Amino acid sequence: MSELKLTSLKDIKLPTAVLALAATPEGKQLFAACLDGGVYAVPVDSGVPQKLGKHESYASGVQFLTKTNQLISAGYDGTLRWLSLTEGKETRVVKAHSFWSWKLRLSPDERFVASATGQYLAGGEKYEPAKEREPSIKVFDTETGKQVAALAHTPPVLSVAFSPDSKHIAAANLMGEVRVWELATGKQVAAWTTPDFTCWGIIKSHHYVGGIFDLAFSPDGKELLACGMGPMVDPMAGNGKQTWQRFAWAENPPRKVSQIQDADAGAGLMEALRFHPEGRHFVMAGKLAQGKWNAALFESSTGAMAHSLDCKMRVTDAAWLTGGTQLALSGATAQEKKNKEGRYTDFGRIKLFTVVPGLVS
């Protein structure tokens, strides 16, 4: 049976951690949202980053609009920023949230951009999450910057995704609560909770930890994939099960279709989830706590692991390049101490892999 595997192609260093990643369709230019608030252009050939814009705090999201040659970035300053690559300047700033933007996603038709937010505040003496102080998901028109939807959830909402036809939007939070809305009307059309991505801290802290950190609709739009980290004995250790689950979201009630096989899973926080352009595989990647891998390819039809590797870094985002023949993973290595010149070594990373066929029995 023909399968896919990843072989290392290039290792690009950036001065600071990369929190989100985007790319041009031909894969020659990458864009990185970084820990220093900067939004960088990173040519694949040279690997030399060029700062294009800046947030007042961490830059947590970046999306590239192919039709207008623009970037939209998001940050912990709660703003969305439009940057024209043609003009080489920032063209719009929208104050989207009073708290951080956790995740930024672009609709497939490029008409809308969605940002998820939410702060964990104690809602009572048992430290249950308080109700949201602002809508947890906001959607904006990419052409005008006008807000077109504000959707309610229970904060903090850590992930958001558009359906392939751009008609539905899904979001999930720290407590494993998933919701889906019809974008045109704002009507909630599905809601369910999975306990396999969260747990209650009883050691060192008393609150929920874990969460669903990324979502992806299947190419046909009928199913929704979620990734994150399973429950932990010590919730502050970050060593819960590497987890993905797949749901038939449009069924009533929504149904779990499949999940990662126990034999495949180590321990760690999974933060990035992307279907291959051909739809037969998806990649999941993140931070390794215990085990052998922190990035892996899975068969879409069976959920079986096709290939895995340890990237030797924490992965925060992923992007398929050149029609799926290459994969870019972004993130950071451990930050080392200052060198003799008084500066930190570059610890941000974008690692490129060639996607090649392999034969497995």
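The numbers here are math on the coordinates, done by the rules we state, and not lab data. Since the model is a prediction, treat every value here as computed from it, not as a measurement. A quick note on method: Cβ atoms are made from the backbone with ideal geometry, for glycine too, and the neighbour counts reach across all protein chains shown.
Label T86 and V48 with points 7 Å out from Cα along Cα→Cβ: what is the distance between them in nm?
My value for the distance between the label points is 2.7 nm.
Pull out the extension gain between A122 and A250, defined as 0.36 nm times the separation in residues minus the alpha carbon to alpha carbon distance; nm, one decimal.
Working it through step by step, the gained length comes to 42.8 nm.
Report, please, the projected area of the range 251-339 averaged over directions, based on the convex hull of its C-alpha atoms, in nm².
One quarter of the hull surface, i.e. the mean projection, equals 7.8 nm².
Using only the Cα atoms of the range 153-244, what are the Rg and Dmax in Å?
Gyration radius and largest Cα-Cα distance of the range 153-244: 14.0, 44 Å.
Can you give me the distance in nm between label points at K337 and T24, each placed 7 Å from the Cα along the Cα-to-Cβ direction?
So the label points at K337 and T24 sit 4.3 nm apart.
Send over the semi-axes of the range 25-125's equivalent ellipsoid, whole angstrom and largest first, taken as the square roots of 5 times the C-alpha gyration tensor eigenvalues.
26, 15, 12
Radius of gyration and Dmax for the chain's Cα atoms, expressed in Å?
19.3, 62
For the range 256-296, what percent of Cα pairs sit more than 17 Å apart?
That tail contains 35 percent of the Cα-Cα pairs.
Report the label-to-label distance for E56 and D310 in nanometres (one decimal), using points 7 Å from each Cα along the Cα→Cβ vector.
The answer from the label model is 4.2 nm.
Output the peptides 303-312, 140-149 sorted from most to least packed, where packing is the average of other Cβ atoms within 10 Å over each peptide's residues.
Values: 303-312: 17.6, 140-149: 15.3.
Top of the packing list down: 303-312, 140-149.
Note the direction-averaged projected area, equal to a quarter of the hull surface, for the Cα convex hull of the range 68-224, in nm².
10.0
Extension gain T144-D11, at 0.36 nm per residue separation less the Cα-Cα distance, in nm?
Working: separation 133, 0.36 × 133 = 47.88 nm, distance 3.70 nm.
Roughly 44.2 nm would be gained on extension.
Looking only at Cα atoms, what is the convex hull volume of the range 16-62 per residue, in Å³?
Taking the convex hull of the Cα positions in the range 16-62, it is 56 Å³ per residue.
Just A263, A22, A226 to compare: in a GNM of the chain, with alpha carbon springs under 10 Å, which one fluctuates most?
Fluctuation is largest for A263.
Summing +1 for each Lys or Arg and -1 for each Asp or Glu, what net charge is found among the other residues whose Cβ lies under 9 Å from the Cβ of I350?
In short, +3.
With the chain treated as a Gaussian network of Cα nodes joined by springs under 10 Å, which of L104, L19, L121 yields the largest mean-square fluctuation?
Fluctuation is largest for L121.
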